[in-house]
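Read through the structure below, which is laid out as structure tokens, and then see the notes.
Each reported figure results from applying straightforward, stated rules to the coordinates on display, with no laboratory input. Quick caveat, the model's predicted, so the values are computed rather than measured. Positions of Cβ are generated from backbone atoms using ideal geometry, with glycine treated the same way; all protein chains shown enter the neighbour counts.
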Amino acid sequence: VQEAIDALATRDAACCTWHALPGEGWERVFDEIAPNQNGKICFASGNYPLSAPVRIAGKGHLKLIGAGPGTKIWCHGRAQALHFEDCASVEISDMSIAAEQNYAEKKGTGAGQRITGALDCTNCGPVRVARSVLVVSAPRSREAVCLRIQSGTLPGSGDCIIEDNDIVA
């Protein structure tokens, strides 16, 4: 049965540049994307576990498309799951992204000490998040946010469209 599910998830190669399948190590799909390269990554329904946030930096226009709320990217132990940086644009749709931090961190203003988001975009062109579920859990208030977009120098940086999402903090 799993072979049939995997085949269905990857059968429409003309529509997606890359496919991510549930399970450990799925995040290596971002390593296949060259600097400044555009691409569409399709995610099958299932669990996409993370033990640490994934940093995706210096890419072109990226689209991450799931199969609905049953596509679950979940980072246990951190208040951040996906961190996009210096990408031409980022579009996320039809998936759940969650980060669950189970300890309090001292916050400051230095690198790695700011409040992060389960979905975090820094100096990216336009960001669009649609039909998704964003969840964050942290032990103290103001420890984390569901979505964080920081503008920068790239064209369209700071522009965002957030539509038809469930946001749970």
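Close amide-amide hydrogen proximity is noted between THR71 and GLY46, SER96, each under 5 Å apart and 5 or more residues distant or on a separate chain (H modeled in the peptide plane; Pro and chain starts excluded).
Within 9 Å, Cβ to Cβ, of GLY58, how many net charges do the neighbouring residues add up to if Lys/Arg are +1 and Asp/Glu are -1?
Working: positive: LYS59; negative: GLU85, ASP86.
Charge balance in the 9 Å sphere: -1.
Compared with the alpha-carbon gap, the fully stretched path from GLN37 to SER51 is longer by 2.4 nm at 0.36 nm per residue. For the stretch 18-30, putting each phi into the Karplus relation 6.51 cos²θ - 1.76 cosθ + 1.60 with θ = phi - 60° gives couplings of 9, 10, 10, 10, x, x, 4, x, 4, 5, 5, 4, 5 Hz, in residue order, rounded to whole numbers and with x for Gly and Pro.
Sequence-ordered 3J(HN,Hα) estimates for the stretch 151-168 from the Karplus curve with 6.51, -1.76 and 1.60 and θ = phi - 60° stand at 6, x, 9, 5, x, x, 4, x, 6, 8, 10, 10, 9, 6, 10, 9, 10, 10 Hz, glycine and proline given as x. Rounded to whole numbers, the Karplus 3J(HN,Hα) couplings from phi for the stretch 40-51 are 10, 10, 9, 10, 6, 5, x, 9, 10, x, 9, 9 Hz, using 6.51 cos²θ - 1.76 cosθ + 1.60 with θ = phi - 60°, and x at Gly and Pro.
Summarising the amide proton neighbourhood of ALA99: residues at separation of 5 or more, or on other chains, whose placed amide H is nearer than 5 Å comprise CYS75, VAL135, VAL136, SER137. Using 0.36 nm per residue and subtracting the Cα-Cα separation, the extra length available between SER137 and VAL168 on full extension is 10.3 nm. Residues whose amide H lies under 5 Å from that of ILE92, counting only those 5 or more places away or on a different chain, are LEU64, ARG128, VAL129, ALA130; hydrogens are built 1.01 Å from N in the peptide plane.
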